[in-house]
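Quick notes on the structure that follows.
The values are calculated or read from the model by the stated rules, or taken from the named source; none is laboratory data. Computed from a prediction, not measured in an experiment: that's the story for all the values here. Note that each Cβ is placed from the backbone with ideal geometry, even for glycine, and that neighbours are counted across all protein chains shown.
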Amino acid sequence: MQEDIPELEDDDGFDRPSKSQMKRDMTALQKLGEELLALPESRWEPLALPEILSDALKAAKKITNFEGRRRQMQYIGKLMRKIDPEPVREAVAAFKLGHAQDSLRLHQSERWREQLLASDDALQDFLAAHVDVDIQQLRSLVRAARKDAANVPEKRSGRAFRELFQFIKAAEVATDE
């Protein structure tokens, strides 16, 4: 049976991508254009985008009609085929990573606040992790936030509660630097 199968030669006309692959590539570039559109315009400048592409992106931000926006995104995808997409991918990834790190830092600050309000041992742990903080200010904020929490049934209120979070957030940023 092996003998019945004709061998493919290098010269069978399959030297270019299939139509389906080309369509997948175009869709990926269009999606990259949508992600680029989500970036602030200040992040577009270092990418040195062609003027026609940056104009198309600015126009897309103004379009609210669904069909008009869809067509504009197709146009942006078409323009994206003419540039090197790698710097754009890197810029989008860096922007997303920055947001993820900011979010992670806020969640960490929230956990510290909850721990500080729950026990005195957390105060020593926080001071060990953040040696350059004002101990007196931290203790007074924790004391005031605990007092607010005892007086008010819902925990997420009170000026001291918010001030404690801001203090922790500033300490986290100072530690990261």
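Considering the conditions (1) over 30 Å from Gln166 (Cα atoms); (2) at pLDDT 85 or above, Ser109 is excluded by exactly one of them, (1).
Where the second residue is at pLDDT 80 or above and of a type in the set (S, T, N, Q) and the first is over 13 Å from Gln101 (Cβ atoms) and lies in segment 165-177, which pairs have Cβ atoms under 8 Å and are six or more apart or on separate chains? Pairs that qualify, where the first residue is over 13 Å from Gln101 (Cβ atoms) and the partner is at pLDDT 80 or above and of a type in the set (S, T, N, Q), are Phe165/Ser109; Phe167/Gln137; Ile168/Ser109; Lys169/Ser109. The conditions of being modelled with pLDDT of 85 or more, more than 16 Å from Leu37 (Cβ to Cβ) and either in the same structural domain as Gly33 (by TED's automatic domain parsing) or not polar (S, T, N, Q) (or both) are met by Ile168. Given Arg43, Arg16, Arg24, which one is over 24 Å from the mean Cα position of the chain (by Cα), basic (Lys, Arg) and modelled with pLDDT under 90? Going through Arg43, Arg16, Arg24 in turn, just one is over 24 Å from the mean Cα position of the chain (by Cα), basic (Lys, Arg) and modelled with pLDDT under 90: Arg16. Among the residues of segment 39-58, at least one is over 30 Å from Glu172 (Cα atoms), outside the structural domain of Ile168 (by TED's automatic domain parsing) and of a type in the set (Ser, Thr, Tyr).
For segment 49-71, a residue qualifies if it is under 24 Å from the mean Cα position of the chain (by Cα) and polar (S, T, N, Q), and the qualifying residues are Ser54, Thr64.
In the condition set (1) surrounded by 15 or more Cβ atoms within 10 Å (Cβ to Cβ); (2) at pLDDT 90 or above, Lys31 is compliant with all but (1). If we scan segment 142-150, do we find a residue that is within 22 Å of Thr175 (Cα to Cα) and either part of a helix (DSSP H, G or I) or of a type in the set (A, V, I, L, M, F, W, C) (or both)? Looking for residues that are within 22 Å of Thr175 (Cα to Cα) and either part of a helix (DSSP H, G or I) or of a type in the set (A, V, I, L, M, F, W, C) (or both), one finds at least one in segment 142-150, hence yes. Per the conditions (1) over 30 Å from Gln166 (Cα atoms); (2) surrounded by fewer than 16 Cβ atoms within 10 Å (Cβ to Cβ); (3) touching an Asp or Glu at 6+ places or on another chain (Cβ under 7 Å), the sole criterion not satisfied by Ile63 is (3).
Might you let me know whether segment 44-66 holds any residue that is farther than 24 Å from Asp25 by Cβ and among the β-branched types (Val, Ile, Thr)? Yes, segment 44-66 contains at least one residue that is farther than 24 Å from Asp25 by Cβ and among the β-branched types (Val, Ile, Thr).
When each of Arg105, Arg89 is tested for being out of contact with any helix residue (DSSP H, G or I) (no Cβ under 6 Å at 6 or more places or on another chain), not aromatic (Phe, Trp, Tyr) and not assigned by TED's automatic domain parsing to the domain that holds Thr27, the lone residue that passes is Arg89.
So that you can scan it fast, the table gives a plain yes or no per residue for (1) in contact (Cβ under 8 Å) with a residue 40 or more places away in the chain; (2) under 14 Å from the mean Cα position of the chain (by Cα):
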| site | (1), (2) |
| --- | --- |
| Gln74 | yes, no |
| Lys82 | no, no |
| Val88 | yes, no |
| Gly98 | no, yes |
| Glu110 | yes, no |
| Asp125 | no, no |
| Ala129 | yes, no |
| Asp134 | no, no |
